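Note sheet for the following structure.
Read-outs throughout are calculated quantities, based only on the coordinates presented, and are distinct from any laboratory measurement. All values reported here derive from a predicted model rather than from experimental measurement. Cβ placement follows ideal geometry from the backbone for every residue including glycine, while neighbour counts extend to all protein chains displayed.
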Amino acid sequence: MTPAESARPRRHIVAAWLLLSVIALSILGEVIPDFPEAACGVVAWTACALLWLRLSRRQAIVVVLLVLAGAAGIAAGMASGKQGLVGRALAQNIPLIGLLIAVSFLQLISGGRSMGEAPLGKGRLALARTLIGVHLFGAVINFSAVAIFADRLTARSRLTLPQAMALSQAFIIGATWSPFYGAMAVALTIAPGANLTLLVAAGLPIAVIGLVLTWLILSSRRYQRAEAFEGYPLHLESLWVPAVLAASVLLVHEYKREWSVLAVIATLAPLVTLVTLLVRDGSGTWPALRRLIHVRLPEMGGETSLFLAASVLSAGMSGAIVALDIGVPFSRYGATEASVVLVVTNLFAWIGFHPVIMASVVGPWLAPLHPDPNLLAMTFLMSWGVGLTSCPMSNTILALHGRYGVPFGTLLARNRVYSVMLTVVCIGVLYLYVAWTGGA
């Protein structure tokens, strides 16, 4: 056992294995009819309770407030005769949490061993390589990609503001299309019936535009035309993991549409990791897996608690709608309405409301309109990929500030310029999609 593992309290190790079990339970919940998913929620909440003291004060306050608000709505809904709210509160985001835990295993096989010694590049080409690299790796291994890139860039110097802008913007915009992000899991949950292939096809152009926009901003005169920008030494051969996994998920989904996308990813990610480690490292496979389980999984207590609390809030919102007879301000859900929802959710993200919170509130509220599930899912993916770049509750922004010393307020302010411009692009895509489908 490594020093990092031995220093962990026993309750953290227990919590880690409980979180690991959530992967299997989430897969079973997706493929077996009438599987008791509420029991999975109990397991996940138990793990989070064991990890509660690891949460920052801000995270703990947000989780408590969400649970209290959700509990009040559930109580009101049950008093009005609404059934199934407690089960929904426990089960709704379990597939999402299982996906996030499963995807964390991919960090063991991503990044390339030789890249740690390669010299850093400078200039616009180095900026482009950094943007593409963190985006493609992040699209599969999530925030671990930002940490890998940032650690390499800070090996000899502090992380600069342009580097932090590049990493945060290029990583978060992946939420508009990547099936490996929590954003896609939330979108498919809130908008059942949405088509993954269509969502990826709609989100990829937005991501490309976002990357180009970031490159143009950081290559401008304001940032000395990126002449001093030190970037990550990315090589094409290191991109096989993101490419293979993304293609595998889309192919399986295309030919087996009855299989849950979330279950497919939660199965493939650990399986590909295990096979790759066995072939590459042999006897070193188990120590690597054990370190990840004992050290990395307990670090996921904060985001797991947030998604569990958001599930409670979503159930509470459904109960409150019934109890208070809250009407929807729209008569339909077209491009204009989707644009309004996008702008409002982005503004709320700016003041600290994570997009998963807004999805938990807005999704049940819009359900009576029976919106086009693809349009609704696209709206939430856009709010995550664009609004989260300027959200004070974003784990990426908090980590860049807390771990690498990037000025918190300055990074948010600079990212908001990007966020506004990309919101306009997203609105254009929403109108194009509605026109293409013949909607209003």
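Key figures for this structure:
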{"quantity": "Three-way shape call for the stretch 381-440 based on the alpha-carbon gyration tensor, with the a/c threshold at 1.5", "calculated": "prolate"}
{"quantity": "Furthest towards positive pole of dipole, 199, 386, 265, structure part the chain, Cβ charges", "calculated": "386"}
{"quantity": "Packing-based ranking, highest mean first, of 314-321, 252-259 given that Cβ atoms within 10 Å are counted", "calculated": "314-321, 252-259"}
{"quantity": "Sites residue 271 and residue 431 - FRET efficiency at Förster radius 60 Å, r taken between beta-carbons, to 0.05", "calculated": "0.90"}
{"quantity": "Extension gain from residue 42 to residue 201, taking 0.36 nm per residue of separation minus the Cα-Cα distance", "calculated": "53.6 nm"}
{"quantity": "Cα gyration tensor, the stretch 89-238 - rounded (a/c under 1.5), prolate or oblate", "calculated": "prolate"}
{"quantity": "Using a Förster distance of 41 Å, the FRET efficiency for residue 83-residue 258 (Cβ separation, nearest 0.05)", "calculated": "0.90"}
{"quantity": "Among 283-296, 186-199, the order from most to least packed when residues are scored by Cβ within 10 Å on average", "calculated": "186-199, 283-296"}
{"quantity": "Choice from 228, 164, 38 with maximal GNM fluctuation in the chain (Cα, 10 Å cutoff)", "calculated": "228"}
{"quantity": "Assigned charges on the beta-carbon of Lys, Arg, Asp, Glu; the stretch 154-289 dipole about Cα centre (debye)", "calculated": "380"}
{"quantity": "Likely footprinting exposure, 325, 151, fewest C-beta neighbours within 10 Å first", "calculated": "325, 151"}
{"quantity": "Cα centroid of the stretch 55-87 to Cα centroid of the stretch 161-217, whole Å", "calculated": "29"}
{"quantity": "Fully extended contour minus Cα-Cα distance, from residue 240 to residue 410, at 0.36 nm per residue", "calculated": "57.7 nm"}
{"quantity": "Prolate/oblate/rounded label for the stretch 22-63 (Cα gyration tensor, a/c 1.5)", "calculated": "prolate"}
{"quantity": "Sequence-separation-based contact order of the chain, relative, with Cα cut under 8 Å and 6+ spacing, percent", "calculated": "26"}
{"quantity": "Size of charge dipole - the chain - debye, nearest 20, with Cβ of Lys, Arg +1 and Asp, Glu -1, no other charges", "calculated": "1260"}
{"quantity": "Contour excess over end-to-end distance, with Cα ends at residue 11 and residue 367 and 0.36 nm allotted per residue", "calculated": "124.1 nm"}
{"quantity": "Unit charges at the beta carbon, dipole of the chain: most positive-side option, 94, 224, 240", "calculated": "224"}
